[in-house]
1. Which condition number does A331 fail, the rest of (1) modelled with pLDDT under 95; (2) over 22 Å from D250 (Cα atoms); (3) open to solvent by 10 Å² or more (accessible area, probe 1.4 Å) being met?
2. Return the residues of region 94-119 that are acidic (D, E), open to solvent by 10 Å² or more (accessible area, probe 1.4 Å) and within 21 Å of the chain's Cα centre (by Cα); say none if nothing qualifies.
3. Filter region 188-198 down to the residues that are under 18 Å from V210 (Cβ atoms) and either among the hydroxyl-bearing types (S, T, Y) or open to solvent by 10 Å² or more (accessible area, probe 1.4 Å) (or both) and list them by number.
4. Output the residue which, of all residues in region 62-93 that are of a type in the set (G, A, S) and either part of a helix (DSSP H, G or I) or buried (at least 18 other Cβ atoms within 10 Å of the Cβ) (or both), is farthest from the chain's Cα centre (by Cα).
5. Checking S52 against (1) part of a loop (DSSP other than H, G, I, E, B); (2) modelled with pLDDT of 95 or more: exactly one of these is not met. Which one?
6. In region 208-257, what residues are closer than 28 Å to T68 by Cα and part of a loop (DSSP other than H, G, I, E, B)?
7. Going through region 329-381 one residue at a time, which ones are in contact (Cβ under 8 Å) with a residue 24 or more places away in the chain, closer than 30 Å to A283 by Cα and of a type in the set (S, T, Y)?
Amino acid sequence: MKKMKKWVGLGLVLAMTAGFTGCTNNSATSSESTSDSTSTTKETESTQSSESTETIKIAVAAPMTGDTAEYGIGFTNAAQLMADEWNANGGVLGQQIEIVPYDDKNSSEEAATIAQKIVSEGDIVGVIGHFSSGVCLTAAPIYQQNQIIEISPSASHPDYSLVGDYIFRNNTVIKSEAAASIDIATQDLGKKNIGIISIKTDWGTNTSQVIKDLVEQLGSDVKVVAHEEVVEGSDDYSPAITKLNEAGADVVICAGMYNLVAPVAKQYKQINPDIQIVGFSNAYSQQLIELGGDSVEGVCFPVIFFSESQDEKIKTYVDAFTKAYGTAPSALSSQAYDSVGMLLTAIEQAGTTDSQQVRKFLADLGYDGVTGYTKFDENGDVQKDFIKVTIKDGTFVKMD
């Protein structure tokens with residue numbers, strides 16, 4: 001049996017200002033969240049089992065409105081698709097599965113309220129979410145304190161899973177993905193002079209620092225020649241692009257979502273048509289191609305999930321998702337899909353929705369999903385292989 005994870009104290013977690021994630025964190029963690037999370041502790045018995053309810057309820061807590069709403073909606077759609085598949089085969093423990101969405105607006109303050117509400121409901125067997133790491137770090141202590149399982153499909157801050165033994169992530173820590181992006185830039189593309197453009201958020205700032213630290217370890221042949229922070233959603237990135245270009249960058253790593261990568265690619269290639277651009281998996285989305293057009297040809301990413309895979313299981317899933325929702329699933333949505341599958345499998349194996357029993361089975365579970373084989377380590381983290389993809393003729397393809 002795995003040893004228990006160290007539970008990071010509530011004060012330490014909620015005082016953190018640095019948040020890694022596959023996305024941005026729109027509001028800082030407030031001191032009020034700490035007192036609220038402490039005051040909402042319930043008796044363990046009231047949250048451990050929902051076997052007497054008509055359905056088995058799983059919450060999806062993520063942004064359903066606002067600038068990052070598509071990620072929360074993607075999580076919800078993927079979760080519902082997995083629930084529908086189980087329900088078509090009789091559900092779990094003889095009950096149907098109900099997905100209950102909660103809109104946290106990608107706000108730490110709102111997430112604390114949502115987590116308290118989920119706890120007070122008393123019939124939620126697990127939570128898929130939240131989206132950004134800063135938000136996850138606010139909500140996770142509340143779930144841990146009340147013994148409710150949380151699986152984030154996207155949190156990448158290393159401290160998130162250390163909150164406690166009910167806290168899991170189906171995503172790699174940001175250092176792993178940053179290393180994969182650097183490997184594309186230096187090994188696959190053969191570049192030595194790296195420029196960084198990052199969104200001015202906790203995630204963007206800290207991800208850019210991780211990139212710098214990793215590049216420094218490579219030695220003198222490879223270097224970061226310039227780093228520019230920009231405001232997300234800006235229409236004009238030309239001042240930052242000009243500085244990167246003048247510094248001699250021959251490849252630019254973009255720490256931001258598709259709504260950064262697309263306009264940067266368009267504006268940069270007007271100045272330097274030969275620039276190579278590398279992104280992160282949070283920019284791996286059909287919207288990138290729709291926004292960027294020809295300018296995003298050749299943009300590269302490391303991803304855990306590749307929607308164009310010819311693997312029959314992945315093709316079946318992508319076809320079902322596309323038929324249901326009108327677009328192919330993203331990597332992060334697919335990690336939400338597998339997260340629900342893992343939770344339901346653990347419930348089935350445990351033969352109960354008792355959270356203590358389900359947690360034990362989840363911690364020991366080996367799950368072969370659409371995002372690869374998942375096995376949690378002692379901290380509730382995962383290690384997965386990255387697939388290197390690029391855009392060619394308006395389509396995502398594996399890199400040669």
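The values are calculated or read from the model by the stated rules, or taken from the named source; none is laboratory data. Given the structure is predicted, the values throughout are model-derived calculations rather than measurements. Here the Cβ positions follow ideal geometry from the backbone for every residue, glycine too, while neighbour counts run over all protein chains shown. Surface accessibility is based on the protein's heavy atoms, side chains included, excluding ligands, DNA and RNA. Shrake-Rupley method; radii C 1.70, N 1.55, O 1.52, S 1.80 Å.
1. All conditions pass for A331, except number (3).
2. To start, the set of residues in region 94-119 that are acidic (D, E) comprises 98, 103-104, 109-110.
This time we only want the ones that are open to solvent by 10 Å² or more (accessible area, probe 1.4 Å), so: 98, 103, 109-110.
Within region 94-119, D103, E109, E110 qualify.
3. First pass over region 188-198, keeping only residues under 18 Å from V210 (Cβ atoms): 194-198.
Selection gives S198 alone.
4. Initially, region 62-93 is screened for residues of a type in the set (G, A, S), giving 62, 66, 69, 72, 74, 78-79, 83, 88, 90-91.
So of that shortlist, the ones also either part of a helix (DSSP H, G or I) or buried (at least 18 other Cβ atoms within 10 Å of the Cβ) (or both) come out as 62, 69, 72, 74, 78-79, 83, 88.
Working: A62: 11, A69: 13, G72: 10, G74: 11, A78: 13, A79: 14, A83: 20, A88: 28 Å.
Result: A88.
5. (2)
6. V231, E232, G233, S234, D235, D236, Y237, G256, M257
7. Result: S330, S333, S334, Y337, S339, Y367, T371, T374.
To keep it simple, each residue is scored yes or no on (1) assigned by TED's automatic domain parsing to the domain that holds S133; (2) open to solvent by less than 20 Å² (accessible area, probe 1.4 Å); (3) in contact with a Lys or Arg (Cβ under 6 Å, 6 or more places away or on another chain).
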residue: G326; (1), (2), (3): yes, no, no
residue: S339; (1), (2), (3): yes, yes, no
residue: M342; (1), (2), (3): yes, yes, no
residue: Q357; (1), (2), (3): yes, no, no
residue: F361; (1), (2), (3): yes, no, no
residue: D364; (1), (2), (3): yes, no, no
residue: F386; (1), (2), (3): no, no, no
residue: T395; (1), (2), (3): no, no, no
